[in-house]
Amino acid sequence: MLTKLQEENEMKKSALLNYIVLAALFITLFSCQETTSTQKNTESETYKMDRTVLPIKEPVYPAITEMDARKATPPPRFEVKAPEKSPNVVIVLIDDQGFGTSTAYGGPVNEPTADKLAANGLRYNRFHTTALCSPTRVALLTGRNHHVNNAGAIMELATAFPGNTGIRPNSVAPLAEMLRLNGYSTAMFGKYHETPPWETSVSGSYERWPTRSGFDKFYGFIGGETNQWAPAVFDGIVRVEVSDDPDYHFTTDMTDQAINWVSAQQSLTPEKPFYIYFSTGATHAPHHAPQEYIEKYRGKFDQGWDKLREETFARQKAMGIIPQDAQLTERPAEIPSWDSQSPEEQKLMARQMEVFAGFAEHTDHEVGRLVEALEKIGEMDNTLFLYIIGDNGSSAEGGPLGTFNEMMALNGIVSEASQMMDHIDDWGGPNTFPHFSIGWAHATNTPFQWTKQVASHFGGTRNGMVVHWPEGIKAKNEIRSQFTHVTDIAPTIMEAIGLPFPTSVNGTEQTPFNGTSFVFSFDNAEAPDRHTTQYFEMFGNRGIYSDGWTASTRHSIPWLTTKTPPLEDDVWELYNINEDFSQANDLAASNPEKLKELQDLFEKEAIKNHVYPIDDRRSERFNSELAGRPDLMGSRTSLTLYEGMTGLLENVFINIKSKSYSISSDIELEKGDDNGVIISQAGRFGGWSLYMKEGKVHHDYNFFGLEHTNISGGKTLGTGKHNIKYEFIADEVKPGTGGKCFLYIDDEKVAEGYIPKTEPFAYSGDEGVDVGRDNETNVTNDYPQRHNSFEGKINQIVVDIGKK
């Protein structure tokens, strides 16, 4: 039997042994920091934090044999931290702004923030995107090609084919998730446009929303565009109503949110690096800008787009943005000359460019506020700041004359000057949803051919990019001309931080990056290219880059709805980019062997990346039935709605476009002279609303803000329960069909009318269906904006489309 002294000695030995074991674990654990690209590997061989498998596996501690917590020592806390001295990362992505827009790239639009960062950093003049919104964004945030992300076009145009399904595979983990699991705080502000449209309801899935794609914080909009004066905003996954301040502007709002978040994050955890994806809705249509910014450019574009191209081209050469032997490409025959426009049209279109320029400068100003905030908290010098000036070339989706309502263009309807002249004075304000004309798009892509959506040529795919990182890049105010692509962003950031590519994320083996890091170019302007092959494809427009050569074929034109030729009949062009910076000299006829070599390479890359089959349809694919993608409604022919269901985006609502349907509403009135919206879809720039005004029932059909068809019951309803039914009988089942409309109250027909034409494919990019109100903008001026809640009670509403 042990004596008391022996027992005490044994206890001391046991405690000492536990202490030694835990101390050893503590030393090995916290001495094992992941090496960076510039550090020697000093990690212990006993324990290594394996960052190639995410989440990083926790160490296993031995069982503690000591019963008394007072006598035992706890194991060291396991915490994943970013590599020591890791830089913060900020990606700013501007929407729809071509290579020749910003003053940083010789353009006419004053963008002092881009200029400031370029003066203390690098400007890349051979950086490329995919030619369209969603595809560029998925490639940017994952480092994989857009078809590998299943985003061959925007999410709203997804189909059933691999490469175009709209579903990002689990094997393609986003950069944000990689950084979050490596110890970064992550946040995203602004435009996302990577969520499949059928996954945007309360039913989810939320796997492809920002907060399930690696971002701790999200504040912005889910779709492809938003009304800057009245946006449809989400905070995380919750729809929020923004301020009704008359000076409200979304770009300012998202900047405030970003500044607040990063200031708090660094206040609480200054040792923890952050990653911010700051993705403005600007300068995508609608072109909405504060009046003071628009007025800065009054009269600055009266010379027209042809002259503007020449002026921009001259500045680009003088600044060294383009080589001295570069040529200004010819204006395609499909784009009209400035001189061919009438004086009235020139006045209209000059105003369009003034508004776009004001919109772009205002956006740069907001980026500048974010930069100032980072400087104030002392984080700008160790922030790898990538300012990407455009997710594609400038947009020609406004058509030959531009449009006061961009939704018309997205539905394949070309605007007429007579529809727009009354809007010149308020162009860019809340009463317009404008887009400029194709001539300005081409001019702001100087010196290249074509525009957004035309992936075959640099006018659609080449954008400016400024890289700023004082603590990581020695060179200042220099130009880099290595071929780079949007898929290069993620691997560049991973290398700059010193993180390995994770072979497994959340239990799924990962598809390797398609992009190539360009860290090698930071301090070596003469370093040879490492991204040597890249395919391009969008709506049949396709091209291939390989070792200084490009082969291109322009198959379709964004603003034309005419039938496209067979893909096999497309004519290919050949350019030697090493000698021809702007793709000005077609060598296809003189070098058919090289052309054939590149055509074969395109086919090889297309098959490997799920580009085939190529789908050149545009507006038709807004209709899920025509596109063949999933539809939340499936084969259902009716949908029952309840009070409080608001913000139902178009792709999660039953499709009533271009067919007969009915809306039956069971309501209760307490006053009898009630006001307010029973149900509405979309808003000021197209949509419909069933509402009451002073006890009378109305239905208003708003055709793109151009024509309203309003029918009314004509009598005041009494108190109590009522059934209100609206019915539309289509003339025929085809896009944009007209038809008869009827209004019934308690089974009695009280009104009828005729709607000559309807919106064929889409009502809105972000305004949805609201039960009991009309959020964002109002369908009709018969009730006020936002303050239009139904004063009675809605028991249920049934929307019925009959046979599918």
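Couple of notes before you dig in:
- Ser340-Gln419 FRET efficiency (beta carbon distance; Förster radius 25 Å; 0.05 resolution): 0.80
- Dimensions (Å) - the stretch 255-351, Cα atoms, principal axes, largest first: 60, 37, 25
- For the chain, the Kirkwood estimate of the hydrodynamic radius, built from every pair of different alpha carbons, is 28.3 Å.
- Normalised by residue count, the stretch 430-497 yields a Cα convex hull volume of 176 Å³ per residue.
- Overall dimensions of the stretch 378-476 as given by Cα atoms, namely Rg and Dmax in Å: 18.1, 55
- Global geometry of the stretch 143-240, whether rounded, prolate or oblate, following the gyration tensor of its Cα atoms and the 1.5 cut on a/c: oblate
- Note on the stretch 206-319: the alpha carbon radius of gyration divided by the globular reference 2.2 N^0.38 Å gives 1.41.
- All Cα-Cα separations within the stretch 126-170 were binned at 5 Å from zero, giving a P(r) of 5, 28, 36, 20, 7, 3, 1, each value a whole percent of the pairs.
- Here the extension length gained between Tyr642 and Ser205 equals 155.2 nm, from 0.36 nm per residue of separation less the Cα-Cα distance.
- Adding -39500 (n - 2.57) for every DSSP H run of four residues or longer, then dividing by how many residues the chain holds, sets the calculated 222 nm ellipticity at -6500 deg cm²/dmol.
- Simple spin-label estimate for Leu626 and Ala318 gives 4.8 nm between the two label positions (7 Å along the Cα-to-Cβ direction from each Cα).
- Whole-angstrom gap from the stretch 485-555 to the stretch 160-235, using each part's C-alpha centre: 22
- When the alpha carbon gyration tensor of the stretch 64-104 is reduced to an equivalent ellipsoid, its three semi-axes come out at 56, 10, 6 angstrom, largest first.
- Kirkwood-based Rg to Rh ratio, the stretch 81-194, C-alpha trace: 1.02
- Rounded to two decimals, the Cα radius of gyration of the stretch 584-637 over 2.2 N^0.38 Å is 1.87.
- Packing, taken as the mean count of other beta carbons within 10 Å per residue, orders the peptides 743-756, 445-458 from highest to lowest as 445-458, 743-756.
- Largest first, the extents of the alpha carbon coordinates of the stretch 244-291 on the three principal axes equal 41, 23, 15 Å.
- Residue-count net charge about Gly738 - beta-carbon cut-off 13 Å; Lys, Arg +1, Asp, Glu -1: +1
- Rounded FRET efficiency, nearest 0.05, which uses the C-beta distance separating Asn524 from Gln327 and R0 of 25 Å: 0.35
- Potential lengthening of the chain between Leu268 and Phe501 amounts to 81.0 nm, from the contour at 0.36 nm per residue minus the alpha-carbon distance.
- Dimensions (Å) - the stretch 480-554, Cα atoms, principal axes, largest first: 40, 34, 14
- Summing Lys and Arg as +1 and Asp and Glu as -1 over all other residues whose Cβ lies under 10 Å from the Cβ of Gln534 gives a net charge of -2.
- Summed side-chain charge close to Cys133 - residues other than Cys133 whose Cβ falls under 13 Å, Lys, Arg +1, Asp, Glu -1: -4
- Protein accessible area in the chain, 1.4 Å probe - carbon and sulfur %: 50
- Computed packing ranks the peptides 406-418, 355-367 as 355-367, 406-418, most packed first, by mean other Cβ atoms within 10 Å.
- Projected area averaged over orientations for the stretch 302-436, convex hull of C-alpha atoms, nm²: 11.2
- Sites Asn578 and Thr508 - FRET efficiency at Förster radius 35 Å, r taken between beta-carbons, to 0.05: 0.30
- Here the average projected area of the convex hull drawn through the C-alpha atoms of the stretch 571-702 stands at 14.0 nm².
- Paired Rg and Dmax values of the stretch 410-452, which use every Cα atom, in angstrom: 12.7, 34
- Stokes-Einstein translational diffusion, the stretch 615-766 - Kirkwood Rh over all Cα pairs, 0.890 mPa s, 25 °C, in µm²/s: 150
- Packing rank of 477-488, 770-781, 78-89, where each peptide gets the mean count of other beta carbons within 10 Å, highest leading: 770-781, 477-488, 78-89
- 1.4 Å probe accessible area per residue over the chain, in Å²: 38
- At 1.002 mPa s and 20 °C, Stokes diffusion of the stretch 404-558 via Kirkwood alpha-carbon radius, µm² per second: 112
- Candidates per trypsin sites (Lys or Arg not before Pro) in the stretch 297-377, loop by DSSP, up to 16 other Cβ within 10 Å: Arg298, Lys300
- Solvent-free Debye calculation, one equal scatterer per alpha-carbon of the stretch 647-698: log10 I(q)/I(0) at 0.15, 0.17, 0.22 Å⁻¹ equals -0.52, -0.65, -0.96.
- Contact order relative to length of the chain, as percent, for alpha carbon pairs under 8 angstrom and 6 or more apart: 15
- The length gained on full extension between Glu593 and Lys296, counted as 0.36 nm times the residue separation minus their Cα-Cα distance, comes to 101.7 nm.
- The lysines within cross-link reach of Lys725, meaning a Cα-to-Cα straight distance under 17 Å and a gap of 8 or more places when in the same chain, are Lys659, Lys693, Lys696, Lys715, Lys740, Lys749, Lys793.
The values are calculated or read from the model by the stated rules, or taken from the named source; none is laboratory data. Just so we're clear, the structure is a prediction, and the values are computed from it rather than from any experiment. For neighbour counting, all protein chains shown are included, and Cβ atoms are generated from backbone atoms with ideal geometry for every residue, glycine included. Keep in mind that these areas ignore ligands, DNA and RNA; they rest on the heavy atoms of the full protein, side chains included. Shrake-Rupley method; radii C 1.70, N 1.55, O 1.52, S 1.80 Å.
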